[in-house]
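Novice: The structure's right below; bear with me while I get my questions together.
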Amino acid sequence: MLKKKFTGILAASLLMGTILAACGKEEAKPSNSGTKEEEKPSYTFRLADNQPPDYPTVLGDKKFAELVEERTDGRIKIEVYPSAQLGDEKSVLEQVQLGAIEFTRINSSPLAEFNNQFTPIGLPYVFESEDHLWNFLNGDMGTKLLDGLEQSKMKGLAFYDSGSRSFYATKELKGVEDLKGLKIRVQQSKINIDFMAALGASATPMPYGEVFSALQTGIIDGAENNLPSLDSSNHYQEAKNLILDHHQRIPEVLLISKVAWDKLDKEDQKIVKQAALDSVETQRAEWDKYEEKSEKKLKDAGVTFTEVKDIKPWKAAVKPMVDEYTKEYKEVMDAIEKARP
């Protein structure tokens with residue numbers, strides 16, 4: 001009896017041991033949790049800008065690069081190349097399309113060549129104020145414009161501030177009639193050429209870097225731009241007559257090559273896009289400071305400031321051309337109208 005009882009206990013013990021052993025083996029099975037997950041790739045990209053290192057757009061570029069590096073723990077680095085080190089805007093844009101340069105900051109005017117919906121935002125006197133412009137850019141149409149560049153192998157990330165553009169010349173400028181017959185440098189676009197014709201001036205497209213010598217030699221009589229550009233380019237040393245007609249408020253655009261964009265996974269794309277949008281606040285704040293500093297510097301250098309008090313004659317001169325563009329780009333023009341403060 002005792003022997004049977006002992007045999008039963010022994011059998012039960014062996015059975016329990018077997019069960020425990022089996023459980024131990026299950027826990028000890030090799031698992032994939034110990035293997036390292038494949039690390040996300042690291043990138044070093046380049047961002048081209050044609051302005052000097054302390055210019056507001058370059059400071060915006062640098063803030064953008066800083067945010068991307070910070071939010072990817074250093075995996076994605078963006079090196080900013082100011083002062084047209086990587087080429088002028090046109091050649092850089094071509095390289096961005098090819099993926100040879102990953103990012104650039106460019107004025108939106110030449111982008112009408114790739115997405116014609118950018119055309120009407122360059123029309124003279126369509127934005128009455130800075131608030132009017134940013135209401136438009138921050139709306140649905142602004143987003144649509146940026147996204148519409150993808151068909152041209154680029155992706156718009158954010159708009160940067162570029163202030164308002166006015167005319168400056170080597171000759172006296174007191175009113176719209178003084179522009180008649182003057183050779184004015186403009187960015188290459190049909191709208192700018194039509195604009196100069198409407199004012200009776202002669203449009204002279206040329207690269208930005210050639211304007212100073214063209215003013216010196218008399219190839220052109222003047223140009224048009226914002227105050228910080230008139231300052232940083234030293235054009236004011238040759239052209240000391242400025243008339244503030246604020247004819248255009250053309251934003252800058254921060255772009256990424258579609259080739260580079262497609263390399264990034266969705267998470268990194270989201271980080272890059274948000275960093276671009278978050279850098280706008282810094283860029284706009286720097287713009288305001290630079291514009292104020294430029295105004296003082298230009299006045300101290302003897303530049304004559306003439307504020308246009310009655311814009312009606314200027315608007316009347318360009319109304320036929322603006323009306324023509326309004327017919328062709330009704331959707332954008334309607335969005336501009338709705339964005340009025």
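Novice: Can you list which of the GluC sites (Glu not before Pro) found in region 35-82 are DSSP loop residues with at most 13 other C-beta atoms within 10 Å?
Specialist: In loop regions of region 35-82 (DSSP not H, G, I, E or B), the sparsely surrounded GluC sites (Glu not before Pro) are Glu37, Glu38, Glu39.
Novice: Further question: Calculate the spin-label point distance for Glu69 paired with Asp262, positioning each point 7 Å from the Cα along the beta-carbon direction, and give it in nanometres.
Specialist: My value for the distance between the label points is 2.9 nm.
Novice: Would you please state which residues of region 127-163 a label at Lys338 would reach in this model, taking the label point 7 Å out along Cα→Cβ and a backbone N cut-off of under 13 Å?
Specialist: Label zone hits: 136-144.
Novice: Take the Cα of Asp278, step 7 Å along the line toward its Cβ, and report every residue of region 44-87 whose backbone nitrogen sits under 13 Å from that point.
Specialist: Of the residues in region 44-87, 63-74 have backbone N under 13 Å from the label point off Asp278.
Novice: Looking at Gly122, Ala112, Gly99, which one has the Cα that reaches farthest to the positive end of the dipole of region 95-164 (charges on Cβ: Lys, Arg +1; Asp, Glu -1)?
Specialist: Working it through, the farthest residue towards the positive pole turns out to be Gly99.
Novice: Report the local net charge at Asn135: Lys and Arg +1, Asp and Glu -1, summed over other residues whose C-beta lies under 13 Å from its C-beta.
Specialist: -2
Novice: Using a 1.4 Å probe, what is the accessible area per residue for the chain, in Å²?
Specialist: Details: 17290 Å² over 341 residues.
Per residue, the chain has an accessible area of 51 Å².
Novice: Treat every Asp and Glu Cβ in the chain as -1 and every Lys and Arg Cβ as +1, leave all other atoms uncharged, and give the resulting dipole magnitude about the Cα centre to the nearest 20 debye.
Specialist: Numbers: 46 positive and 56 negative charges, 287 e Å.
That gives a dipole near 1380 debye.
Novice: To the nearest 0.05, how large is the calculated FRET efficiency for Ala197 and Asp54 if R₀ is 51 Å and r is the Cβ-Cβ distance?
Specialist: On the way: r = 36 Å, r/R0 = 0.71.
Once the sixth-power term is evaluated, E becomes 0.90.
Novice: Continuing with the same structure: In region 137-208, which GluC sites (Glu not before Pro) fall in coil by DSSP and have 12 or fewer other Cβ atoms within 10 Å?
Specialist: Values: sites: Glu150, Glu172, Glu177; in loops: Glu172.
Passing sites in region 137-208 are Glu172.
Novice: Just want the answer: with Cβ charges of +1 for Lys and Arg and -1 for Asp and Glu, which residue in Val259, Phe159, Tyr329 is farthest toward the dipole's positive end in the chain?
Specialist: Result: Val259, furthest along the dipole toward the positive end.
Novice: How much mean residue ellipticity at 222 nm does the chain get from its helices, if each DSSP H run of length 4 or more adds -39500 (n - 2.57) and you divide by all residues, to the nearest 500 deg cm²/dmol? Each step should come with its number before you reach the end.
Specialist: On the way: 12 runs with 159 residues, N = 341.
When only DSSP H runs of four or more count, the value is -15000 deg cm²/dmol.
Novice: Report the local net charge at Ser166: Lys and Arg +1, Asp and Glu -1, summed over other residues whose C-beta lies under 9 Å from its C-beta. Let's see the in-between values first.
Specialist: On the way: positive: Arg165; negative: Glu224, Asp245.
Value of the local net charge: -1.
Novice: Antiparallel as a % of all DSSP beta bridges within the chain, to the nearest 5? Show your work: numbers first, answer last.
Specialist: On the way: 19 of 37 bridges.
Of those bridges, close to 50 percent are antiparallel.
Novice: Moving on. Round to the nearest 10 and give me the degree value, 0 to 90, for the angle of helix 56-71's Cα axis relative to the longest principal axis of the chain.
Specialist: 0
Novice: If I take R0 = 51 Å and measure r between the Cβ atoms of Glu177 and Glu79 in this structure, what FRET efficiency does the formula 1/(1 + (r/R0)^6) give, to the nearest 0.05?
Specialist: Values: r = 48 Å, r/R0 = 0.95.
Calculated value: 0.60.
Novice: Continuing with the same structure: Can you tell me how region 171-251 classifies by the Cα gyration tensor, rounded, prolate or oblate, using a/c under 1.5 as the rounded cut?
Specialist: Details: a/c = 1.24, a/b = 1.18, b/c = 1.05.
It is rounded, given that a/c, with a ≥ b ≥ c, falls under 1.5.
Novice: Taking R0 as 51 Å, what FRET efficiency do you get between Glu328 and Thr217 from their Cβ-Cβ distance, rounded to the nearest 0.05? If you can, show how the numbers build up before the last one.
Specialist: Details: r = 38 Å, r/R0 = 0.74.
With a Förster radius of 51 Å, E is 0.85.
Novice: Additional query: What is the percent carbon and sulfur in the accessible area of the chain, measuring with a 1.4 Å probe over the protein chains and ignoring ligands? Can you show the working numbers first?
Specialist: On the way: 9120 of 17290 Å².
Of the solvent-accessible surface of the chain, carbon and sulfur hold 53 percent.
The values are calculated or read from the model by the stated rules, or taken from the named source; none is laboratory data. No experiment lies behind these values; they were computed from the predicted model shown. Neighbour counts are summed over all protein chains in view; Cβ atoms, including those assigned to glycine, are modelled from backbone coordinates with ideal geometry. Areas reflect the complete protein model, heavy atoms only, side chains present, ligands, DNA and RNA absent. Shrake-Rupley method; radii C 1.70, N 1.55, O 1.52, S 1.80 Å.
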